[in-house]
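So the structure is just underneath, and the comments pick up after that.
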Amino acid sequence: MARTRKDPRHRAREAALQILYQWEIGGRAVEQSAETFFTRQWPDGDEAPEALRAFATRLAIDTVDRLGEIDPLIADTAQRWRPERMPVLDRLILRMATCEMLRGGEAAPPVVINEALELARTFSTEESVKFINGMLDAIRMKIAATGPL
């Protein structure tokens, strides 16, 4: 199956997005959403590799933990759109990518943005890809001006 041949980091970001979706829609703790995803919904047949599971879970948890700084940055960048008015998957992709850029270090901002665009192509619409690209580029510039937190 093609899904198992994807880059492990990309597959981990897909998993993190799915965990965040469960958290957003289901109203459960993000840790519980991660456990449910990896024990009941992991699509690849075998267990998820530990490094993938750890990366995805940490990214999802960090994203939720940092919403207090992520959402205002997204809202300020979107100007007339509050994050809660955005389509759920677009909002979650923006939050997750913004979290990665705020953390700094692990992946360069162009890599984070490219990964977010691939997620949008897989889980959202072509219009969303354009929107997310513009938003993340502007967020990248704001973070570069102030530095990762």
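Tabulated values for the structure
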quantity: Inter-label distance, nm, simple model (7 Å from Cα along the C-beta direction), T39/A75; calculated: 3.6
quantity: Residue-span extension gain [R121 to V88] - 0.36 nm each, minus C-alpha spacing; calculated: 10.4 nm
quantity: Exposed-site-free run, longest, the chain (rule: GluC sites (Glu not before Pro); DSSP loop; at most 12 other C-beta within 10 Å); calculated: 48-105
quantity: Local electrostatic count at A78 - Lys and Arg +1, Asp and Glu -1, tallied over other residues with Cβ under 14 Å; calculated: +2
quantity: From the C-alpha gyration tensor of the stretch 1-65, square roots of 5λ in Å; calculated: 19, 12, 10
quantity: Kirkwood-based shape ratio for the chain, expressed as Rg/Rh from alpha carbons; calculated: 0.95
quantity: Fully extended contour minus Cα-Cα distance, from Q32 to A144, at 0.36 nm per residue; calculated: 37.0 nm
quantity: Helix runs (DSSP H) in the chain reaching 20 Å along axis by Cα, Kyte-Doolittle at least 0.5; calculated: 88-103, 109-123
quantity: Leading residue at positive end of dipole, the stretch 66-149 (Cβ point charges), from I70, I132, T122; calculated: I70
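We did not get these values from a lab; they are worked out from the coordinates using the rules stated. Predicted, not measured: the structure shown is a model, and the values here were computed from it. Note: ideal-geometry Cβ built from the backbone for every residue, glycine included; neighbour counts use all protein chains shown.
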